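The structure appears below as C-alpha cells.
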Amino acid sequence: MTEEPGDSVSPMTKRRPQLAPWRNAGRVAEEQRSADDIVRETGWVFNNETGERLTLAEFVATGTEEVGYYCHHLGLHWGEHAVGKTFVEIGSGIGRMTASFSRIFARVVACDLDGAFLERCRETVAQFGRPDRLQTCHVDDGRTLLIADDSADLAFSYITLQHCHPADAMALTREAIRVTRPGGHVALNYRTWTGSDAILWPVGKMVRASFRIPGLGSTLARHRSTARLGWQANRLAPAAVLGEVAPLLDDVRLVRSPKRSPFGTAGVTEETYVGVHRSHWWLIGTVR
Ligand SMILES: C[S@@+](CC[C@H](N)C(=O)[O-])C[C@H]1O[C@@H](n2cnc3c(N)ncnc32)[C@H](O)[C@@H]1O
C-alpha cells in the first residue's frame, strides 16, 4: 500500500501535535484549483464558516469587518494613526484580515507557521489589498519572528496564540514586544480557562495525542469537530502572561467579555467588549 502524503507524521507534528490541522489544511490548500475552492475546503480553520458556495471575497469580508470593530473596540483606532506605519500580524493564515490591514498600514508583515498559507495570503492581498505593502515571515520553529528589533509600530495576533504550545505562545508574546519599537503597541489575543474546560481540556489532550497516529491522525485533523477539539494547545490566564511581560509594557489594558468576572490583575485596566468570546482576552500595551 502506498502512503498518502498526509499520512506521514512530520517531526514538527510529533513534537507539536496541535499543529496537525494547520499542516493538513496547508496541504489541502495546495491541492485546490481556485482561491474559492481553498476557502470552501479549508476556510473553516480560520473563521469557522463552512459552505459549498463560500467565496474568497465573502471570507475576506468577514476579516475586514473584524478589523473594523477590533480597531474601534480595542481602542487602537489604527485608521487615524496608521499612516507610514508598520504592522506585524502573527498568525495571518491565508490573509482573511491581512488584506484589510494592507489597505490601512504602509507596511504589513504577515507571519505564519505554514508556508502554503503565506503563499495564499499573498494572493488574497493581491486581490483584495495592497500587495506592494506586504512582506511575509515564515515562523518555521513556531516561536521566532525573523524580524528586526524595534521595527514595527503595532504587533497584532488574533485566534493564534491559543493554538501554540504554552512556551511558544509566551515566546511569540516576547517576540511581539521585541519587534515593536518603544512607544509602539501590541494587541494580542489569548484564550483562558472557563468552566467547560473541565471536559474540553482532557478531551482535547486525547484528540491531540491521536493526531500523532499515522493515517488516523491526519484524518482526524482534517475533520472540523475533531480538529477544533485538538488544536487548542494552551490556556493562558492574564496573570501568567503579565507575570512575564508586564515590566516591558506601559498602559496595559485587558479587554474581556462582559460575560465573565473581572480578572482582577493588579495595576491593569480592564475593559469589556461584547464581541470578545467568553474564553478570550486581549492584552493591549505600549512597549517601553
Ligand atoms: C485560527 S487561524 C487564524 C488566522 C487569522 N488570524 C484569521 O483570523 O483568519 C490560526 C493561524 O495561526 C497559525 N499558527 C498556529 N501556530 C502558529 C505559530 N506557532 N506561529 C505562527 N503561526 C501559527 C496557523 O497556521 C493559522 O494560520
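No lab work stands behind these numbers, since they all come straight from the coordinates. Computed from a predicted model, the values in this text were never measured in an experiment. Virtual Cβ from ideal backbone geometry, glycine too; neighbours counted across all protein chains shown.
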* Could you give the dipole magnitude of segment 123-166 about its Cα centre, charging the beta-carbon of Lys and Arg +1 and that of Asp and Glu -1, in debye to the nearest 20? -> 160 debye
* Charge context of Glu244, other residues only, Cβ under 15 angstrom, K/R +1, D/E -1 -> +2
* To do: Only Cα pairs under 8 Å and at least 6 apart count here; give the relative contact order of the chain as a rounded whole percent.
  => 18 percent
* Asked: Packing-wise, with mean Cβ within 10 Å as the measure, how do 34-44, 90-100, 203-213, 243-253 rank, highest first?
  -> 90-100, 34-44, 203-213, 243-253
* To do: Work out the FRET efficiency for Ser34 and Ser225 from their Cβ-Cβ distance, taking R0 = 25 Å, and round it to the nearest 0.05.
  => 0.45
* Place the peptides 270-279, 111-120 in order of packing, highest mean first, counting for every residue the other Cβ atoms within 10 Å and averaging per peptide. => 111-120, 270-279
* All other residues with a Cβ under 10 Å from the Cβ of Trp78 taken together, and with Lys, Arg as +1 and Asp, Glu as -1, what is their net charge? -> -1
* Structure fact -> Here, His81 and Arg15, labelled 7 Å along Cα→Cβ, have an inter-label distance in nm of 3.6 nm
* Asked: How much mean residue ellipticity at 222 nm does the chain get from its helices, if each DSSP H run of length 4 or more adds -39500 (n - 2.57) and you divide by all residues, to the nearest 500 deg cm²/dmol?
  -> -12000 deg cm²/dmol
* To do: Set Lys and Arg Cβ to +1 and Asp and Glu Cβ to -1, take the dipole of segment 3-125 about its Cα centre, and tell me which of Ala29, Leu74, Ala99 lies farthest positive.
  => Leu74
* Radius 11 Å from Cβ of Leu200, net charge of other residues (Lys, Arg +1; Asp, Glu -1) -> +3
* **Positive dipole terminus of the chain, leading residue within Leu19, Trp193, Ala169 (C-beta point charges)** => Trp193
* To do: Please report the Cα spread of the chain along all three principal axes, rounded to whole Å, starting with the longest.
  => 60, 45, 33
* Counting DSSP beta bridges with both partners in the chain, what percentage is antiparallel, nearest 5? -> 35 percent
* Please give the FRET efficiency for Thr64 paired with Ile213, using the beta carbon to beta carbon distance and R0 = 45 Å, rounded to the nearest 0.05. => 0.70
* **Cysteines not pairable in the chain (beta carbon separation under 4.7 Å absent)** => Cys71, Cys121, Cys164
* Nearest-0.05 FRET efficiency for Gln127 and Arg288, computed from C-beta distance (R0 45 Å) -> 0.70
* Asked: So what J values fall out for segment 139-153 if you push phi through Karplus, 6.51 cos²θ - 1.76 cosθ + 1.60 with θ = phi - 60°, rounded to Hz, Gly and Pro as x?
  -> 8, 4, 9, x, 8, 10, 9, 7, 9, 5, 4, 6, 9, 10, 9
* Structure fact -> So, with points 7 Å from each Cα along the Cβ direction, the Arg181-Phe263 label distance in nm works out to 2.8 nm
